[in-house]
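What follows is a set of notes on a single structure, which appears directly below.
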Amino acid sequence: MPGYDLLSRTLTVSEANEIIHDTVESLFYELSIEGEISGFRPASSGHWYFTLKDKGAALDAAVFRSAQYSMVMPDDGDLVIAKGSLSFYAKTGKLTFMVREMKKKGEGDILQIIEKRKEYYRSLGYFDEDRKKPIPEEINTLGVVTSPTGAAIRDILNITRRRAPSLNILLFPCTVQGDGAAESIAMRIREANNFSACDVLIVGRGGGSIEDLSCFSEPEVIEAVHNSEIPVISAVGHEIDWPISDYVADRRAPTPSAAAEIVTETIFRRRERLENALFMMNSLMKEKLSSSFHRLSTALHNASAMENKILKYRSRIPSTEDLRKILILRMQNASSSLAYAEEDIAESMEGKITGGKERITSSLSVSLDCLLRKKEKAEAELRIVRKDADSAIMRKMEMKRLRLSSVTKENEALSPLLILKRGFTVTEKEDGSIVRKASDVKPGDRIKTRTGDGEITSSVIGG
């Protein structure tokens, strides 16, 4: 809109703001402003909002999240130099300084000094790889040179407790920013070396501004790290921070947490392998126990069946008393048979005598001799019968005894009582069923455990 038109008519607010927007953003697109941070407030979106002010004025400012990668989060009261452009939001009429670059005042001088110092120590060979000591795989004691109240020691302790709880930690407390920080850090590094107190040293702190981290680029710290006989891991600030101690140290870690992970790597891997081995061993043991329990259950079942067979056969085998009664009965039967035979002979002889006394008288002598011979023969046969009966009975009793002894030994070999005497136990529930696994019972159940010499009744208190 031409300038003369602005004076010839009345503008709406929207038109006026559009004119201001176009004018501001076309003219003030590259400004460098020095001021003090005030009212700093990070938003949930990740953007930063604050006010830049000096003694006479204030200006609203903002930093989008995409521009923050090269900045350190400021604090209220920080004196900064911010570069960016003015933006006028026409809808609300608000003017905002959109910051693209920002650094604390004086950072340029510090960076220039650090760069010159870095080149000097590089020329001395302090950064050469062949001078760096390897980090040992076997680490028993870790030394940490840092502030006792900072986030770095908390992060290191959290990592080591989780990954290597057996690792010994020695804290060498020091100041990590401000006046005297470099001397404090260097003294603690030398102290750890004088006493050979640890296997590896972590030297570092959490993030901060360039001024906060500058002590790790001071000559005292650089020389202490370079001269350390103990391998040093430098863990200063965030991943984007590179103080000179990072170049001189034997190993650089982007954060204190990462340094703790480097130190515990071997212990963590060994612990992981051990846990895997224990898991495999437990699995194999469970499988073997399950197989053994199955075999034991089968053996107990077979033993129970054999016990039933023994009881069945035992009922069929006569006892010694029964055998003695049978023998006496057979002897009595034999005696009765002999008596009957004698009576029959006597009756026959009496009839013959009545029928023919003359014949008897004449043949009396012969008959008597014949009778005596028959009697002797009968007695001899009776003795043989008795002897054969006695021998047969004794042989049968011996065979029965041997069979009983064999069956008894087999029963004893398969008896669960013999297995129990060897140290095994069998646990049964109240209904008599065998407890085969822990899930077969629940808290409150009463169980009975059979041992080799008795029984134990107990209650389940946990499952």
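Just so it is clear, none of the values below were taken in a lab; they were calculated from the coordinates. As the structure is a prediction and not an experimental result, all values here were calculated from the model. Glycine gets a Cβ as well: all are built from the backbone with ideal geometry, and neighbour counts include every protein chain shown.
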Treating cross-link reach as a plain straight distance, find the aspartates and glutamates whose alpha-carbon is under 19 Å from the alpha-carbon of K375, omitting any fewer than eight places away in the same chain. E342, E343, D344, E347, E350
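Between their Cα atoms, which of K421/K442; K374/K396; K325/K387 are more than 21 Å away from each other?
Those over the limit are K421/K442; K374/K396.
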If you plug each phi of the range 72-87 into the Karplus form 6.51 cos²θ - 1.76 cosθ + 1.60 with θ = phi - 60°, what whole-Hz ³J(HN,Hα) values come out, in order, with x for Gly and Pro? 9, 4, x, 10, 4, x, 5, 8, 10, 10, 10, 10, x, 9, 7, 10
For Cα extents along the principal axes in Å, the listed values are [x] 94, 71, 46; [y] 67, 56, 39; [z] 196, 71, 34; which was obtained by calculation from the structure presented? [z]
Longest principal axis of the chain (C-alpha) makes with the long axis of helix 256-316 (C-alpha) an angle, in degrees to the nearest 10, of 10
Under 19 Å Cα-Cα from K437, which lysines qualify once same-chain neighbours fewer than 8 residues away are excluded? K286, K288, K429, K448
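At 0.692 mPa s and 37 °C, plugging the Kirkwood radius over alpha-carbon pairs of the range 1-99 into Stokes-Einstein gives what diffusion coefficient in µm²/s?
The calculation lands on 218 µm²/s.
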Please say if the range 138-259 is rounded, prolate or oblate, where rounded means a/c under 1.5 for a ≥ b ≥ c the square roots of the C-alpha gyration tensor eigenvalues, and otherwise the choice is prolate for a/b larger than b/c and oblate otherwise? oblate
Under 17 Å Cα-Cα from K103, which lysines qualify once same-chain neighbours fewer than 8 residues away are excluded? K53, K83
With each label point set 7 Å from Cα along the Cα-Cβ vector, what nm distance links E350 and E381? 2.3
Placing +1 on the Cβ of each Lys and Arg and -1 on the Cβ of each Asp and Glu in the chain, which of T141, N302, W48 has its Cα farthest towards the positive end of the resulting dipole? N302
Among G150, S335, Q112, the residue whose Cα sits farthest towards the positive end of the charge dipole of the chain, when +1 is placed on the Cβ of each Lys and Arg and -1 on the Cβ of each Asp and Glu, is S335
Can you order the peptides 202-211, 29-38 by their average number of other Cβ atoms within 10 Å per residue, highest first? 202-211, 29-38
Suppose only helical runs count, i.e. DSSP H with n ≥ 4. What mean residue ellipticity at 222 nm does that imply for the chain under -39500 (n - 2.57) per run, divided by all residues and rounded to the nearest 500 deg cm²/dmol? -18000 deg cm²/dmol
Please report, in debye to the nearest 20, how large the charge dipole of the chain is about its Cα centre when each Lys and Arg carries +1 at its beta carbon and each Asp and Glu carries -1 there. 4340
